[in-house]
Structures are given as structure tokens and as C-alpha cells.
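Notes follow once the structure below has been shown.
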Amino acid sequence: MKLHDTVASVTQRITERSRPTRSAYLARLEVALQRPPGAQRLGCANVAHAFAALPGNDKLRVVTEKAPNIGIVTAFNDMLSAHAPFQHYPDLIKAEARKHGATAQVAGGVPAMCDGVTQGTAGMELSLFSRDVIAMATAVSLSHDVFAGALMLGVCDKIVPGLLIGALQFGHLPTVFVPAGPMTTGLSNNAKSKVREQAAQGLVGRAELLAAESAAYHSPGTCTFYGTANSNQMLLEAMGLHVPGTAFINPGADVRDELTREALRTVLGSADFKCPPIGRVVDERCIVNAMVALLATGGSTNHLIHWVAVARAAGIVIDWDDFSALSDVVPLLSRVYPNGSADVNQFQAAGGPGFIIRELLDGGFMHADVLTDRAGGLREYTGIPRAAEGGRLQWDTTAVSQDETVVRPVSSPFSASGGLKLLQGNLGRSVIKISAVPDDRHAIEAPCRVFDSQDALHQAFGADELNQDLICVVRWQGPQANGMPELHKLTPPLAVLQGKGYRVALVTDGRMSGASGKVPAAIHVSPEAAAGGPLARVRDGDIIRLDANAGLLQVLVSEAEWAAREVLPMPETLRAANGVGTGRELFASMRRNALTAEEGACSWL
């Protein structure tokens, strides 16, 4: 199938834009590839320290027999459901390595925080920058430089982008990502959301709300909605960095352990196929494939920040214009909550990533001629794994959707476009996800109410001050202001207002991850208010027009008045509060140095 013209042209302009930085990155990779293995290159004392804790036979293999040594970087902790299953993965991997004459070591651990735990609290202001901390921790783990390859054990929001950014600093290493899978289905996402809205209205109490939340989040594994964590897994499949089809296999499933062993076998390669260095796998075409997969599945808007940062780590420069151009032509092929009623287990049962990737390849929306971690290339990522005779893995192709309310072919998509729109105007640049927003809410013009925090909006909602057509502006929520927390706490009250028949929308320099659902939300507004961006000029009562159809985000004020308006500084009380407590003091330099959301909110460039 011929590659779609827009996909080809976006890839070409990314390649041209990235030529200097990508060339410099590849030059560094080539230098690293030319060096002898670490156990032969390092001094004797260095080698002795590196392998002192290995069992005798493993030490003999790696030092004397020059066997490949695989570094494991893990996000295991037993507090968070998504990462708890990783506890026993290293033992499986080490045992499998020995079977193949290799060794494996846990090179290091990275932190893994959960936005679900910290949502609406001060801890959430560490969340975005935890990605860069994880990247640094990954680099520290691999800095011992004695590895022939790496396995990355991580799943959730900032963890996978952080692991990927860190791994790309060691682009000469073959690297495979190893997920743990989603928890089984509990209380449906729709039912959970209904209880949240009831709680926001005071119709149910804490006991009822806690019971609903505990029924939804009930066991080891990733949350079952299609947020950032599960979008991560879809993107890694599309980039060819997983064992094919491993993303959404539940913890405890018969095939799960064998998929983990297969990850070790994949990174080792075989006699006729050598797993390529990750820095070569992640090229411009690979990044575009990830962007297309995100758009085709209605994935998390957080990746308009994270994958910009991932691309930069490989010397590749992408921006929101690229996402917008692709979104105009990439069809929406799945509806998974919050863009539908299904959860990721239903998505997997309907065909999952394999079905989506095959449809996108056959439709000319993805690059087929890319390197992946597997010999079969990206076509190998179009199947669903299962256990065959003798415990072997076998991949079955789903020829047709098993549920067209969840996944559809390119020939009959849910929408002809990806549902992501770039908004521009005198309020700056922003993005909106409209895949779940009713058509009659794609354009809203209304007076605004300006808030300096989530709590201030909640107080106004509780006092019945918002019962009208209204655009809520929540500012001072960008990377430099407070670390750009997700604002999921705003979804229930805004959904309640919309449910009452009011035309409401949100405009913010913070994040929503797509959890805005049916409420129109212009997010990631750049430049942010704390950097002197236009949101710092907005006043209560200004008429704002948010038009996803025309790509507009503007305040309807005369140019002269707008230019004359004072750019308000961030309130000192707010600035002081943002920097104190819950470890936020340690992130002050990251807030100071953060780039814009469109530049990946990177603190390391």
C-alpha cells in the first residue's frame, strides 16, 4: 500500500527539520558502537566491582566466556497496581538468560508515582517532572556501561516516556520494553464516572464514592481506561519496541511469563537476526508511526508533550503542527473510555493493537519499512499472542473486528480524522481532543470566569456561581508555574454543568490527559501564564471563542485594548505555596528551566 501523501510529507519535513540534531545523535551512537564490550574495555577493578555480586557461574560466563550481559531497569514497587507485577520479572529474565548462555543484572530502579493517588494534591505537581527524574535514573542505571542490551520494565504515565528518554541516551544498546498488562475489568468506567458526578453534586457521600473507586481499581495491573498509561503501551507496539502483542495481556494470564522470557530472547537476538540498537529503531518514521497510532486510537493528549520530549532525546524535532496535520487525515479506529464505553480489556478482545496496526499499515497510514526489535518488522506486530503446544508462543491475526463498537477497519472508521485539533489565536497555541465531544460543542463562545487554581473553581461550583454558559479559565498551571499537574479534579463539576444544559468549556495552561471526555477543553496553552503568556491578560467577563472546527482560541477584545492590558504576574502567595512541601523544593530548578509544553516541557535541554 502506498504511503498516504500527508504522512509522507509530515515525515519529510520532520526529517529535514531534524537533520542537524539527528546527525549529531547518530554520530554519537556510532562512536559507542565501535567500542569493545564493557567487561573487556574497563579496568580490572571496575569489572570486579560490576560483577562481584553475580553467582560464580554467571561471573565466569560474562568475564571469561564474554557472554552478553543484559541490564534490567525496573519501575517495580508494590504500592502501585501497574508496577507490582514486576516483582518477580528479574528472576524469570535471569533464568532465561542462563538458558541462552547469557547473564542479566538489575542495573537499577526508577521511581514510579501514580497520578491516580496524587490527583488534586500537592504531590501531583511533581508528576510531570518525575518523567525527567526517571530518565536520569535510567541513565544512572545504565552508566555502569557493562551491558550488551537492556530491558525496560515499566508501564504508566511518566514512567515509559522517562525510561525511553533515558534509554535513548544509550542508543547503541538493543532495548526491549516489558509491560505487565492491565488489571481485569471491575466497575465500568462509565459507572465510576457517574458516581463521581453524583459526589460532586453532594448526592452520594464518601463511603459510596470510595466503594465505587475501589471496585474500579481493584487488583494488580494498569487501570483499564485508555489514559496515558495504556496509550504508552499502544505507542510502544507501534514503534516495535515490545514483544509483539504484549501490551494488554493481563497479569497472571497463562502467556504473561512466557512473554517476559521472550523479551529476553528478543534482546539477545538470534543467529540470523541481531536486535538493532534502540537509537536506530527510533528514527523519524518510527516517531511518526507512534503519532499515527496515538491519533487513530484517541490516545492521551499527554503524549503531545511526552513524545515531543522522546523525539528530542533521539535528535528528532516534532511539534503540534505535525500532530495536527496527521490528525486531519488519520482515521479514528477505536473507541475506548473516555472516548467510548469500552475498557482496554474489551479493546484487546476486539482486536487490540494488532488489528489497529494492521489496518493502518494496509491503509497507508504507517511506515512499514522501519526497523523493530523483531526480525519480522512491524508486520509482526499485527497479531495477538497465545500459548501453543509445549508452552510456545503463537501469534494469531484477527482478520475482522470482533466488536465494531470498539474497533473498526479503515474502510469504516468512527471518524475520518483523529479527533485532535490545534487551536491558535490571541490566547496562544493549544490543543483540544474532540473525539468524545458532541458535535454541537465543538465551538463555544461565552463569557469567561478566571481561576488561579482547581480549588477556586470547585469553591465557585459549590457556591452555585457557575450555572450559566461559561468558559472557565484556569491559569498558573504550566510547567514553570507549578510543574503542570493534570486537572482531572475539574472534570466532574464541568460535566455536571454541561449535563444541566449549559454550554461550558475549559481553557488552561495545565494538562487533562484526555480525561475531559465530553467537555471541550483547550489545554497546554502556550506560552503559559507564568512565562508572561496571554492567559495572564484575561479578565473575568471577557468573551472567549473556542472553535475546534476553525482551529481558533481567542478572546474577543479589540487589538488596542488587548495590547494595552497589563500582563499580571503570578500571585506571590501562589508562587510561594507551589514551591513548598511534598518535596516540591527539590524541583525548583526544573520549574525554572522547563521548556514550553510544545517543546516537551523538558528540563534537560
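The values are calculated or read from the model by the stated rules, or taken from the named source; none is laboratory data. Nothing here was measured: the structure is a model prediction, and the numbers come from that model. Neighbour counts are summed over all protein chains in view; Cβ atoms, including those assigned to glycine, are modelled from backbone coordinates with ideal geometry.
Every residue, every condition in (1) of a type in the set (D, E, K, R); (2) crowded, with 21+ Cβ neighbours inside 10 Å; (3) in contact with a strand residue (DSSP E or B) (Cβ under 9 Å, 6 or more places away or on another chain), yes or no:
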| residue | (1), (2), (3) |
| --- | --- |
| Met484 | no, yes, yes |
| Gln498 | no, no, yes |
| Met512 | no, yes, yes |
| Lys518 | yes, no, no |
| Gly532 | no, no, no |
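Could you check, for region 98-106, whether at least one of its residues is buried (at least 20 other Cβ atoms within 10 Å of the Cβ), more than 18 Å from Asp157 (Cα to Cα), β-branched (Val, Ile, Thr) and touching a residue at least 24 places away in the same chain (Cβ under 8 Å)? Scanning region 98-106, I find at least one residue that is buried (at least 20 other Cβ atoms within 10 Å of the Cβ), more than 18 Å from Asp157 (Cα to Cα), β-branched (Val, Ile, Thr) and touching a residue at least 24 places away in the same chain (Cβ under 8 Å), so the answer is yes.
All of (1) out of contact with any strand residue (DSSP E or B) (no Cβ under 8 Å at 6 or more places or on another chain); (2) crowded, with 19+ Cβ neighbours inside 10 Å hold for Trp604 with one exception: (2). Does Arg206 satisfy being assigned by TED's automatic domain parsing to the domain that holds His83 and basic (Lys, Arg)? So Arg206 fails the test. Inclusion of Gly154 among residues that are of a type in the set (Gly, Ala, Ser), surrounded by 24 or more Cβ atoms within 10 Å (Cβ to Cβ) and at pLDDT 95 or above is warranted.
Taking the criterion of being polar (S, T, N, Q) and either in contact with a Ser or Thr (Cβ under 9 Å, 6 or more places away or on another chain) or closer than 19 Å to Asp283 by Cβ (or both), the residues of region 293-337 that qualify are Thr297, Ser300, Thr301, Asn302, Ser327, Ser334.
Output the residues belonging to region 418-443 that are more than 15 Å from Thr491 (Cβ to Cβ), surrounded by fewer than 19 Cβ atoms within 10 Å (Cβ to Cβ) and either of a type in the set (Asp, Glu) or out of contact with any Phe, Trp or Tyr (no Cβ under 9 Å at 6 or more places or on another chain) (or both). Gln424, Pro438, Asp439, Asp440, His442, Ala443, listed by residue number.
For region 341-360, the condition of being surrounded by fewer than 19 Cβ atoms within 10 Å (Cβ to Cβ) and within 15 Å of Val292 (Cα to Cα) holds for none of the residues.
Using the structure shown, decide if Val133 is hydrophobic (A, V, I, L, M, F, W, C) and either buried (at least 21 other Cβ atoms within 10 Å of the Cβ) or within 31 Å of the chain's Cα centre (by Cα) (or both). When the stated conditions are applied, Val133 passes them.
Yes or no, residue by residue, for (1) closer than 24 Å to Ala102 by Cβ; (2) outside any helix (DSSP H, G or I); (3) outside the structural domain of Asp369 (by TED's automatic domain parsing):
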site	(1), (2), (3)
Tyr226	no, yes, no
Ala247	no, yes, no
Glu262	yes, no, no
Arg265	yes, no, no
Val288	no, no, no
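Do we find a residue being of a type in the set (A, V, I, L, M) and in contact with a Cys (Cβ under 6 Å, 6 or more places away or on another chain) anywhere in region 296-317?
The answer is yes; a qualifying residue exists.
When region 150-185 is filtered for residues that are of a type in the set (Gly, Ala, Ser) and assigned to a strand (DSSP E or B), only Ala150 remains. Give me the pairs: first residue in region 535-553 and buried (at least 18 other Cβ atoms within 10 Å of the Cβ), second residue hydroxyl-bearing (Ser, Thr, Tyr), beta-carbon distance under 7 Å, and six or more apart or on different chains, which are they? Sorted first by the residue in region 535-553, then by its partner, the pairs are Leu553/Ser430.
Taking first residues from region 73-97 that are more than 21 Å from Gly166 (Cα to Cα) and partners that are surrounded by fewer than 21 Cβ atoms within 10 Å (Cβ to Cβ) and among the hydroxyl-bearing types (Ser, Thr, Tyr), no Cβ contact under 6 Å between residues at least 6 apart in sequence or on separate chains turns up.
Residues being within 20 Å of Val7 (Cα to Cα) and of a type outside the set (A, V, I, L, M, F, W, C): count how many of those fall in region 291-314. Residues flagged as within 20 Å of Val7 (Cα to Cα) and of a type outside the set (A, V, I, L, M, F, W, C) within region 291-314 amount to 6. Could you tell me whether region 369-377 includes any residue that is charged (D, E, K, R) and either over 29 Å from Val243 (Cβ atoms) or at pLDDT below 95 (or both)? No; the residues of region 369-377 include none that is charged (D, E, K, R) and either over 29 Å from Val243 (Cβ atoms) or at pLDDT below 95 (or both).
All conditions but one from (1) within 27 Å of Thr301 (Cβ to Cβ); (2) assigned to a helix (DSSP H, G or I); (3) assigned by TED's automatic domain parsing to the domain that holds Glu284 apply to Arg196; the one that does not is (3).
Of all residues in region 106-150, exactly one satisfies the criterion of being touching a His at 6+ places or on another chain (Cβ under 8 Å) and on the phi > 0 side of the Ramachandran plot, namely Gly120. Among the residues of region 377-391, those identified as surrounded by fewer than 18 Cβ atoms within 10 Å (Cβ to Cβ) and in contact (Cβ under 8 Å) with a residue 12 or more places away in the chain are Gly377, Arg379, Arg386, Ala387, Gly391.
Being touching a Gly at 6+ places or on another chain (Cβ under 6 Å), more than 25 Å from Ile305 (Cβ to Cβ), surrounded by fewer than 24 Cβ atoms within 10 Å (Cβ to Cβ) and free of Cβ contacts under 8 Å to residues at least 40 places away in the same chain is true for just one of Ala207, Ala216, Ala212, Ala191. Which residue is that? Give the steps one after another, and end with the answer.
Numbers: Ala207 fails: touching a Gly at 6+ places or on another chain (Cβ under 6 Å); Ala212 fails: touching a Gly at 6+ places or on another chain (Cβ under 6 Å); Ala191 fails: touching a Gly at 6+ places or on another chain (Cβ under 6 Å).
Result of the check over Ala207, Ala216, Ala212, Ala191: Ala216.
Would you check if Val140 is outside any strand (DSSP E or B), touching a Lys or Arg at 6+ places or on another chain (Cβ under 9 Å) and not assigned by TED's automatic domain parsing to the domain that holds Ala577? Here the answer is no, as Val140 does not meet what is asked. Within region 59-97, the set of residues being surrounded by 22 or more Cβ atoms within 10 Å (Cβ to Cβ), among the aliphatic types (A, V, I, L, M) and more than 25 Å from Thr118 (Cβ to Cβ) comprises Val62, Ile70, Ile72, Ile93, Ala97. Criterion first (among the polar types (S, T, N, Q) and modelled with pLDDT of 95 or more) does Gln454 satisfy it? No, not satisfied.
Of the helices (runs of 4 or more DSSP H) entirely within region 35-100, those holding at least 3 residues that are under 20 Å from Arg265 (Cβ atoms) and not charged (D, E, K, R) occupy 89-99.
Taken over region 557-577, residues that are among the charged types (D, E, K, R) and either assigned to a helix (DSSP H, G or I) or free of Cβ contacts under 8 Å to residues at least 24 places away in the same chain (or both) amount to 4.
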